[in-house]
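Shown below is the structure under consideration.
The values are calculated or read from the model by the stated rules, or taken from the named source; none is laboratory data. A quick note: this is a predicted structure, and the numbers were derived from the prediction, not measured. Reconstructed Cβ throughout: ideal geometry from the backbone, glycine too, with neighbour counts over all protein chains shown.
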Amino acid sequence: MYWYFVSYADCGFKEIQEIMIKSLKITLLYSIVYVSCIFPSWFSSDINISHIPIQESGRVKPLDTYARNQLLLFYGKQYIDAKDILTIKE
């Protein structure tokens, strides 16, 4: 990473700060991938996306419950079929 900052020696503080933030994001991404490869048991397969907690109006609820409540609010039903999605887009 030394060559990366040497080539930007003439840049101002803002440019160097942006480069450092970009480098930090890339490093964090690689770290997450590395940890998930070494410790796959940490990422259990019985957890799916519907278990992600969402906070709405001070309450914490599962993503599935939040999504169903939003559908009920907007469309008057908790589930949408695939053919219903096509009619919504038109």
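Applying the selection to the range 47-63, what residues are surrounded by 10 or more Cβ atoms within 10 Å (Cβ to Cβ) and hydroxyl-bearing (Ser, Thr, Tyr)?
50 - this is the single residue of the range 47-63 that is surrounded by 10 or more Cβ atoms within 10 Å (Cβ to Cβ) and hydroxyl-bearing (Ser, Thr, Tyr).
Something else about it: Consider only pairs whose beta carbons are under 8 Å apart and that are at least six residues apart or on different chains; among these, list those whose first residue lies in the range 29-49 and is within 18 Å of residue 62 (Cα to Cα) and whose second residue is at pLDDT 80 or above.
As it stands, the answer is 49/63, since those pairs meet every condition given.
While we're here: Restricting to the range 64-73, name every residue that is of a type outside the set (A, V, I, L, M, F, W, C) and loosely packed, with under 14 Cβ neighbours inside 10 Å. So that I can check it myself, show each step before the final result.
Our first condition is that a residue be of a type outside the set (A, V, I, L, M, F, W, C); within the range 64-73, this holds for 64-66, 68-70.
Within the range 64-73, 69, 70 meet the criteria.
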